[in-house]
Structures are given as C-alpha cells and as structure tokens.
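Asker: Pasting a structure here, questions to come.
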Amino acid sequence: MKPEEYKQTQPIVSTSHTVNWEVILHMTVLYLVWGSTFLAIRVAVSGGFPPFLMGAMRVLVAGLALILWAVYRKQKISISMRDLIILFLSGVLLWVTGNGLVLWAEQHVASGYSALLFGSLPIWVAVIDAIVSKKKLSIGLILSLAIGFAGLAVLSVPELTGASKIQGLAVILLLIAPISWAVGTIIQRRHYVAVSSIVSSGYQQIFGGIGFLIAALIFHEQFLISPKETAWLAWGYLVVFGSLLAYTSFVQALRLLPSNIVMTYAYVNPVIAVFLGWFFLKEKITPWTVAGMICIVLSVVGVLRNSNGGR
C-alpha cells in the first residue's frame with residue numbers, strides 16, 4: 001500500500017469535544033436498526049426463506065448496489081491483493097459464520113433470545129483482543145467478563161434443559177456466532193483498507209454472499225421458493241436498512257470512533273430486539289430472560305469502560 005493511501009485509511013477521531021453529526025447519525029442507526037434486524041430475520045426465515053439463501057440474496061443485492069453507487073460517485077473500487085484478503089476474511093467471518101449462524105438458529109429459537117446471546121459480542125472482542133495484544137486484564141475487566149459469562153449461562157442453561165436436539169444446536173450456534181463476528185471486527189479494525197467505507201462494505205457483503213451461496217448448496221437448500229408476503233417485506237427491510245444503511249454505518253463508525261464506543265450498540269440492540277419480539281411475535285419474556293439480559297448489559301458496560309480506548 002502506498003503511504004498516501006494508508007494515510008487516507010487511518011481512523012478519523014476528532015481531538016475536540018465537538019460531537020460530529022455524522023457520528024451521531026451512524027451510531028443512531030446502529031442502535032435502532034440493528035436491534036430490529038433480529039425480528040426481521042425471524043419473520044423471513046419462518047416465512048418461507050431458507051436461511052443461507054436468504055442471506056445470499058440479502059447481501060449480494062446490497063453489496064452490488066453499494067459498489068454501483070461507489071462507481072456512480074466516482075469512488076475508487078479497485079483493490080490490492082492485501083485489501084482483497086482482508087475484506088474477504090472479514091466478510092466471511094462477519095456474514096457467513098457470524099450472521100449466518102444467527103439466520104439458521106432463528107428458525108428454531110426466538111428473535112429476542114438470539115439477540116441476547118449475540119449481545120455478548122463486546123465480551124468476546126475484549127477476550128480475543130487481549131489474547132492477540134497480549135494485554136494484562138484489569139480486575140474490573142475480569143469481573144465484567146465473569147458477569148457476562150454468568151449471563152450467558154443464565155440464558156443458555158434453562159433453554160438447553162429439556163430442549164430438542166435441534167434447539168440445543170441452535171443455542172450452541174448462537175454462542176459461536178458473536179465469536180466469529182468479534183474476530184471479523186478485530187481484523188477489520190486492525191487492518192485498514194485503501195477504499196471508502198461504502199466500497200469496503202460492498203466487497204465484504206459480496207464475499208459474504210458468495211459464501212452464503214456455497215453454504216446453501218452444501219446444505220441442499222431449495223432455490224425455488226415462495227415466501228410469504230411478510231417474509232419478503234422482512235427481506236427488503238434487511239437489505240435496505242440492515243445491509244445498505246446499518247452495515248455501512250458500522251464500517252464507517254469503526255473509522256470515525258474508537259471501537260469501544262462503536263460497540264456500545266451491543267447493549268442497546270438486545271433490549272430493542274427483546275421488546276420487538278414480545279410486541280410483534282408474542283415471544284415470552286421469562287425471569288431467566290430478564291436476569292440474563294441484565295447480566296449481559298452490565299457486563300458489556302463494564303467491558304467497554306475497562307477496555308482502555310478500544311484500539
């Protein structure tokens with residue numbers, strides 16, 4: 001990468017105390033929109049969409065639209081081999097094994113429950129980041145992580161008790177999904193690429209879409225489908241708001257802000273998702289749900305406060 005290209009891709013963090021409108025916009029999108037995507041996923045996969053095919057249709061359409069928009073805006077879309085590898089790895093980890101496991105699991109478990117387990121994302125980011133950076137964990141961070149893992153246990157053990165094999169598998173996959181997303185996030189955060197956030201988001205989703213298609217073929221999903229009207233509406237919402245808008249905001253927010261601030265969306269999203277699942281789908285909120293949610297939210301707050309800047 002040329003020096004001038006690398007300079008353009010460095011994180012843009014203001015040294016003043018003035019809040020930038022762009023920062024507010026991106027974080028608001030992450031807070032509100034990503035919390036609602038768990039409901040949309042549940043509606044789509046329970047309404048006739050095979051999970052991996054739905055994922056492929058979603059991100060390929062969004063990714064191609066972003067690249068075409070970048071071409072229209074005369075933005076650079078050519079990438080080096082280094083950038084291609086980074087975008088491919090992060091795209092697969094974030095979409096295929098991160099989001100893809102959620103897509104499959106939500107065929108069998110509630111959307112709010114899925115969001116709560118995925119809300120452990122900052123916990124895994126802190127753990128993996130500490131391992132990669134060989135950081136010594138503070139007492140506060142260790143306590144926060146312990147609370148978070150206790151919350152995961154509170155949420156998982158009752159769900160696994162008496163569950164069918166397929167529901168048990170769904171819970172396990174929901175525990176793995178945020179780990180994959182965390183690894184993809186760290187790769188993206190540590191290796192900046194010499195293209196705009198729109199182009200970066202576009203390529204990652206295209207690579208993710210290709211991965212989804214391969215997964216759909218491996219698992220013999222039906223390609224001739226007739227989803228319900230509500231499922232198509234949910235799919236459209238995921239394309240426009242979940243992928244085009246929110247994911248691009250996520251990529252740009254990682255460039256504008258320290259990641260510990262960006263990751264604050266993780267303790268807002270589960271609360272929104274649980275409420276929407278209860279309101280629209282009549283999903284049950286049990287004492288275990290409330291206790292687990294409180295533990296996860298407290299843990300995420302503690303992790304973010306003790307992560308020393310997040311970069």
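Asker: Report whether or not Ala153 is farther than 30 Å from Arg73 by Cβ, surrounded by fewer than 15 Cβ atoms within 10 Å (Cβ to Cβ) and modelled with pLDDT of 90 or more.
Answerer: yes
Asker: For region 138-149, indicate whether the set of residues that are under 26 Å from Val262 (Cα atoms), more than 14 Å from the chain's Cα centre (by Cα) and not in a helix (DSSP H, G or I) is non-empty. Even if it seems obvious, please write down each step before you answer.
Answerer: Here is the first cut: in region 138-149, the residues under 26 Å from Val262 (Cα atoms) are 138-149.
In the following step, the residues that additionally are more than 14 Å from the chain's Cα centre (by Cα) were identified as 138-149.
The next check asks that each one be not in a helix (DSSP H, G or I); those that pass are 138.
Taking every residue of region 138-149 in turn, at least one turns out to be under 26 Å from Val262 (Cα atoms), more than 14 Å from the chain's Cα centre (by Cα) and not in a helix (DSSP H, G or I).
Asker: To continue, here is another question. Can you confirm whether Val171 is exposed (fewer than 14 other Cβ atoms within 10 Å of the Cβ), hydrophobic (A, V, I, L, M, F, W, C) and under 17 Å from Trp288 (Cα atoms)?
Answerer: Against the criterion (exposed (fewer than 14 other Cβ atoms within 10 Å of the Cβ), hydrophobic (A, V, I, L, M, F, W, C) and under 17 Å from Trp288 (Cα atoms)), Val171 does not qualify.
Asker: Any residue in region 270-282 that is touching a Phe, Trp or Tyr at 6+ places or on another chain (Cβ under 6 Å) and part of a helix (DSSP H, G or I)?
Answerer: Yes, region 270-282 contains at least one residue that is touching a Phe, Trp or Tyr at 6+ places or on another chain (Cβ under 6 Å) and part of a helix (DSSP H, G or I).
Asker: From the list Ile179, Ile187, exactly one residue is within 17 Å of the chain's Cα centre (by Cα), within 30 Å of Leu68 (Cα to Cα) and assigned to a helix (DSSP H, G or I). Which is it?
Answerer: Ile187
Asker: Being among the β-branched types (Val, Ile, Thr), within 19 Å of Phe250 (Cα to Cα) and surrounded by fewer than 21 Cβ atoms within 10 Å (Cβ to Cβ) is the filter here, so list the residues in region 39-76 that pass it.
Answerer: Val61, Ile67
Asker: Residues that are within 30 Å of Ala146 (Cβ to Cβ) and either assigned to a loop (DSSP other than H, G, I, E, B) or out of contact with any strand residue (DSSP E or B) (no Cβ under 9 Å at 6 or more places or on another chain) (or both): does region 243-251 have at least one?
Answerer: Scanning region 243-251, I find at least one residue that is within 30 Å of Ala146 (Cβ to Cβ) and either assigned to a loop (DSSP other than H, G, I, E, B) or out of contact with any strand residue (DSSP E or B) (no Cβ under 9 Å at 6 or more places or on another chain) (or both), so the answer is yes.
Asker: On the given criteria, is Phe250 modelled with pLDDT under 95, under 12 Å from Leu94 (Cβ atoms) and not aliphatic (A, V, I, L, M)?
Answerer: In short, yes.
Asker: Looking at region 1-98, what helices (runs of 4 or more DSSP H) fall wholly within it and have at least 1 residues that are of a type in the set (S, T, N, Q) and modelled with pLDDT of 95 or more?
Answerer: 21-45, 81-91
Asker: Let me ask something additional. Residues in region 99-134 that are in a loop (DSSP other than H, G, I, E, B) and touching a residue at least 40 places away in the same chain (Cβ under 8 Å): how many?
Answerer: Counting residues in region 99-134 that are in a loop (DSSP other than H, G, I, E, B) and touching a residue at least 40 places away in the same chain (Cβ under 8 Å) gives 7.
Asker: Conditions first: (1) of a type outside the set (Phe, Trp, Tyr); (2) closer than 19 Å to Val92 by Cβ; (3) touching a Ser or Thr at 6+ places or on another chain (Cβ under 9 Å). Pro158 passes all but one, so which condition is the exception?
Answerer: Single failed check for Pro158: (2).
Asker: Show the residue pairs meeting these rules: Cβ distance below 9 Å; 6+ apart or different chains; first residue within region 170-185 and without any contact (Cβ under 8 Å) to a residue 40 or more places away in the chain; second residue surrounded by fewer than 24 Cβ atoms within 10 Å (Cβ to Cβ).
Answerer: From residues that are without any contact (Cβ under 8 Å) to a residue 40 or more places away in the chain, the pairs are Ile172/Ser156; Ile172/Leu160.
The values are calculated or read from the model by the stated rules, or taken from the named source; none is laboratory data. None of these values were measured; they are calculated from a predicted model. Every residue, glycine among them, receives a Cβ derived from its backbone with ideal geometry; neighbour counts consider all protein chains shown.
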